[in-house]
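First the structure, in the form of structure tokens, and then the observations on it.
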Amino acid sequence: MPKQDPLERARNFNEVAFGYTPDMAIQEARRCLVCKKPICIQGCPVGIDIPLFIKHIGEGNFKEAIRILKDKNLLPAICGRVCPQEEQCEIKCVIAKKGGPIAIGRLERFAADWEAQEGILEVPDIKKNSGKMVAVVGAGPAGLTTAADLAKMGHKVTIFEALNEPGGVLTYGIPEFRLPKAIVKREVEYIKKLGVDLLLDFVVGKALTVDELLQDFNAVFIGTGAGLPWFMNIDGENFNGVYSANEYLTRVNLMKAYLFPEYDTPIKIGKHVAVIGGGNVAMDAARVALRLGAEDVRIVYRRSRQEMPARLEEIENAEEEGIIFEYLTLPVKYIGDPHHWIQEMECLRMELGEPDKSGRRRPIPIKGSEFRTPVDVVVCAIGQSPNPLIPSTTPGLNIGKDGNIIIDPATGKTSKKGVFAGGDVATGAATVILAMGAARVASRYIEEYMKTGQW
Ligand code: SF4
């Protein structure tokens, strides 16, 4: 797929990849064997009829391709960009060993972008009004999916979103150059066209509790994601210039800090930036720092490249753009100036031992390997867990040790009658498509519960 030149894109926020042309999409789609037993579908958390949509692309029938996609996935332009297809549908593709798997994600993106370019926004059939009402808390991938599914089933859905824009992590977390916000807006508009009401700036747990929602709605779905950042709890983490990835990315993506003073929110533009962590969020934060104008940006990760949880595509993009990777390195303290701004970072070198519980080789500090590096911005991207507001204001909701809402994954039911949950708030931070898959399961059981009243 054609991309912007790495040196050029490292200084702008425009989308990195341009997407397939129609000819490229047709050519790629024609490689598909349209298998009678398509195991690629088994890898798709929302069960898209992959060979059928690809077959239509191969025949140049893009309109039908997008119809098939949207039958199971209402956010195809988003999933085509940010889902890890290489670990899901594409890894299962039977021709993976002969010239590489079919680029299912890129074809999904192509079909969705084609629809947008054509200015088409077809609304599927919606069932007759059931008279039932559902409150969905959170307008991220899980909440939007549940809302759309239930609206199509004929139920009245209201989404309550705490921020001033819908999209959840798609809006505040993933940068413009990986997922343009116009695309998120367009897919949210589509969901509104299904009759879903969207209330922004509405903090459930403060303005109204879940119990209060249950007085007016037949069921509540909680899809509030995982927005509580983790820190390492090391000396100096409170210095000015040390951000959580959550805050750093929210300032830039949601509040457009890169356009300050045109937009109100400022951000510290670092010269020497360190991003701690090895996941997609770390890659995003590092690439944002580069685009903001940093002289050098380093990813500091305690294991090696092989163990990095980020998508290979994103690691390669970051490498091409000039991000420095400090593998087998662990920050142990930050040193500040007299005005409490971060100035230096002290790190230890690591070596890899036996695999730990996660199956990855355990990093072990090398004694006496301490060294210092000058930094003026540090972004901590080591993970996040669910925000505790709803758990702490909802009696009867069972909560796990990481602050996650405990659900039955087969139904999305929580321990509280009438309350369902899904996505990162239940699993901890995972992927957009897994959140959507969990939301789809919950939608089915929300409908069943509203029909039968049985829990
Ligand atoms: S497994 Fe691969 S070749 Fe077979 S239908 Fe799926 S995408 Fe096409």
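The values are calculated or read from the model by the stated rules, or taken from the named source; none is laboratory data. From a predicted model like this one, the values you see are computed outputs, not experimental measurements. When we count neighbours, we look across all protein chains shown, and the Cβ atoms used for this are built from the backbone with ideal geometry, even at glycine. Heavy atoms of the whole protein, side chains included, go into the accessibility calculation; ligands, DNA and RNA do not. Shrake-Rupley method; radii C 1.70, N 1.55, O 1.52, S 1.80 Å.
For region 318-401, the set of trypsin sites (Lys or Arg not before Pro) satisfying both a DSSP loop assignment and a count of at most 12 other C-beta atoms within 10 Å is given as Lys357, Lys367, Lys401. Stretched out straight at 0.36 nm per residue, the stretch from Lys127 to Lys401 would grow longer than its current Cα-Cα span by 94.6 nm. Would you kindly calculate the translational diffusion coefficient of region 1-131, applying Stokes-Einstein with the Kirkwood radius from alpha carbon pairs, for 10 °C and a viscosity of 1.306 mPa s, and quote it in µm² s⁻¹ without decimals? Translational diffusion coefficient: 102 µm²/s. Taking a ≥ b ≥ c as the square roots of the eigenvalues of the Cα gyration tensor, region 130-188 is classed as prolate, since a/c reaches at least 1.5 and a/b is larger than b/c.
Each Cα pair under 8 Å and six or more residues apart adds its separation to the average, and for the chain the resulting relative contact order is 15 percent.
The charge dipole of the chain, taken about the Cα centre with unit charges on the Cβ atoms of Lys, Arg (+1) and Asp, Glu (-1), comes to about 1360 debye, rounded to the nearest 20. The mean accessible area for residues of region 130-171, using a 1.4 Å probe and ignoring ligands and nucleic acids, is 21 Å² per residue. In the context of the full set of protein chains, region 6-104 has a per residue accessible area of 49 Å² (1.4 Å probe). Neighbours of Lys256, meaning other residues whose beta-carbon lies under 10 angstrom from its beta-carbon, give a summed charge of -1 when Lys and Arg score +1 and Asp and Glu score -1. Remark: the Met24-Val94 segment gains 23.1 nm on full extension, using 0.36 nm per residue and subtracting the alpha carbon distance. Convex hull volume of the C-alpha atoms in region 242-285, normalised per residue: 72 Å³.
Scaled to the globular estimate 2.2 N^0.38 Å, the Cα spread of region 275-329, given as radius of gyration, is 0.98.
Expressed as a whole percent, how much of the Cα-Cα distance distribution for region 158-293 exceeds 22 Å? Every Cα pair in region 158-293 considered, those over 22 Å come to 47 percent.
In the structure shown, the pairs Lys152/Lys451; Lys185/Lys268; Lys63/Lys156; Lys132/Lys451; Lys127/Lys181 are assessed against 19 Å; a Cα-Cα span above that value is assigned to Lys185/Lys268; Lys63/Lys156; Lys127/Lys181. Averaging 1/r over each pair of different alpha-carbon atoms in region 319-404 and inverting the result gives 16.6 Å, the Kirkwood hydrodynamic radius. Within region 275-315, the GluC sites (Glu not before Pro) that combine a DSSP coil assignment with at most 10 other C-beta atoms in a 10 angstrom radius are Glu295. Based on the alpha-carbon gyration tensor of the chain and its eigenvalue square roots a ≥ b ≥ c, which shape applies: rounded if a/c is under 1.5, prolate if not and a/b is larger than b/c, or oblate? It comes out oblate by the Cα gyration axes. FRET efficiency for the pair Lys417 and Glu320, taken as 1/(1 + (r/R0)^6) with r the Cβ-Cβ distance and R0 = 51 Å, rounds to 0.45.
Here is the list for region 25-65: trypsin sites (Lys or Arg not before Pro) lying in DSSP coil, each with at most 15 other C-beta atoms within 10 angstrom of its C-beta, are Arg30, Lys36.
On a per residue basis, region 338-451 carries 50 Å² of accessible surface, using protein heavy atoms and a 1.4 Å probe. Taking all protein chains in place and a 1.4 Å probe, what share, in percent, of the accessible surface of the chain do carbon and sulfur account for? Summing carbon and sulfur atoms, their accessible area is 52 percent of the total for the chain. Across region 350-407, C-alpha contacts under 8 Å between residues 6 or more apart give a mean separation that, scaled by the residue count, equals a relative contact order of 20 percent. Each listed q (0.16, 0.20, 0.24, 0.25 Å⁻¹) maps to a log10 I(q)/I(0) for region 359-455 from the Debye sum over equal C-alpha point scatterers, namely -0.77, -1.02, -1.26, -1.32. The residues packed around His340, meaning those with a beta-carbon under 15 Å from its beta-carbon, carry a net charge of -3 if Lys and Arg are +1 and Asp and Glu are -1.
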